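First up is the structure itself, then whatever we jot down about it.
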Amino acid sequence: MSNRCWKLGDNVSTDEILPSQYMTLTDIHELGKHVLEHSMPGFAERIKDGDVIVAGINMGYGSSREHAPLSLKGAGIGLVVAKSFSRLFYRNCINIGLPVVLCPLAVDECDDGDHISVDLCNGRIINNTKSKIFSFDPFPDFLLQLLMKGGLINSLNEERLKLAGINQ
């Protein structure tokens with residue numbers, strides 16, 4: 001399946017991703033309605049489930065709160081590809097089950113509106129619009145499992161239930 005690429009620049013802050021006035025919201029879908037609303041008005045309404053953010057260097061710097069990645073996930077973003085990430089933003093994305101990929105060459109070769117496919121298991125990004133393939137370090141199995149379960153909390157809850165002998 002191919003998803004639309006939304007290209008952002010360098011140094012996208014968590015405050016730009018989700019303005020601070022929405023930090024009191026707790027519903028992921030409500031957070032998603034406000035993603036990038038100051039820098040890209042109407043962006044949240046144009047996103048289709050599974051769309052991909054492609055960004056430059058220092059993606060997600062700023063606040064350590066999970067609200068920014070939650071807003072991306074709540075809006076329907078299925079993956080973020082960047083040249084580099086803030087360490088906290090990267091880990092918060094993994095924790096909530098939003099895949100993040102380091103692939104500078106793919107960022108350089110993707111334009112806004114391109115359609116890309118990503119294979120997390122084998123470390124490949126395919127730009128279907130330009131018929132180009134890029135490689136990145138694939139996720140280790142334990143991270144793939146965590147992402148497939150929807151993040152750290154879901155994974156821990158599943159383990160807790162399994163240990164308690166409760167079938168889901």
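For the stretch 139-146, the Karplus equation 6.51 cos²θ - 1.76 cosθ + 1.60, evaluated at θ = phi - 60°, returns couplings of 5, x, 3, 5, 6, 4, 4, 4 Hz by residue, with Gly and Pro reported as x. Find the relative contact order for the chain and round it to a whole percent, using C-alpha pairs within less than 8 Å whose residues are 6+ positions apart. Reported relative contact order: 22 percent. From the list (i) 127; (ii) 117; (iii) 105, can you say which value of volume of the Cα convex hull per residue in Å³ was derived from the structure given? Here the calculated entry is (ii). Sequentially through the stretch 147-153, phi angles give Karplus couplings (6.51, -1.76, 1.60; θ = phi - 60°) of 5, 5, 7, x, x, 5, 4 Hz, Gly and Pro residues having no value and appearing as x. Loop-resident trypsin sites (Lys or Arg not before Pro) (DSSP state other than H, G, I, E or B) in the stretch 1-54 with no more than 12 further Cβ atoms inside 10 Å of their Cβ: 48.
Compute the Cα gyration tensor for the stretch 5-64, then decide on rounded, prolate or oblate, letting a ≥ b ≥ c be the square roots of its eigenvalues: rounded whenever a/c is under 1.5, prolate when a/b is larger than b/c in the other cases, and oblate in all that remain. Oblate, since a/c reaches 1.5 and b/c is not below a/b.
When each of the peptides 79-87, 146-154 is scored by the mean number of other C-beta atoms lying within 10 Å of its residues, the order from highest to lowest reads 79-87, 146-154. When the chain is treated as a Gaussian network with alpha carbon springs shorter than 10 Å, the biggest mean-square fluctuation among 110, 121, 93 belongs to 121.
Can you give the calculated 222 nm mean residue ellipticity of the chain, where each DSSP H run of n ≥ 4 adds -39,500 (n - 2.57) and the sum is split over every residue, rounded to the nearest 500 deg cm²/dmol? Could the numbers behind the result be given before it?
Numbers: 8 runs with 58 residues, N = 168.
For the chain, the value works out to -9000 deg cm²/dmol.
In this structure the amide hydrogen of residue 54, modeled in the peptide plane, comes within under 5 Å of the amide hydrogens of 6, 7, 8, 81, none closer than 5 places in sequence on its chain. Beta bridges from DSSP with both residues in the stretch 57-168: antiparallel share about 65 percent, rounded to the nearest 5.
Accessible area per residue, 1.4 Å probe, Å², for the chain: what's the number? Write down the numbers at each step before the final one.
Details: 8640 Å² over 168 residues.
The answer is 51 Å² per residue.
Residues in the stretch 38-50 carry Karplus couplings, in order, of 7, 8, 9, x, x, 4, 4, 6, 8, 6, 10, 3, x Hz; the curve used is 6.51 cos²θ - 1.76 cosθ + 1.60 with θ = phi - 60°, and Gly or Pro positions show x. In the stretch 72-168, Cα pairs under 8 Å separated by at least six residues give a relative contact order of 24 percent.
The values are calculated or read from the model by the stated rules, or taken from the named source; none is laboratory data. Only a predicted model underlies this, so the values are computations on that prediction, with no experimental measurement involved. Virtual Cβ from ideal backbone geometry, glycine too; neighbours counted across all protein chains shown. Ligands, DNA and RNA are stripped out before the accessible areas are found, and what is left, the full protein with its side chains, is counted by its heavy atoms. Shrake-Rupley method; radii C 1.70, N 1.55, O 1.52, S 1.80 Å.
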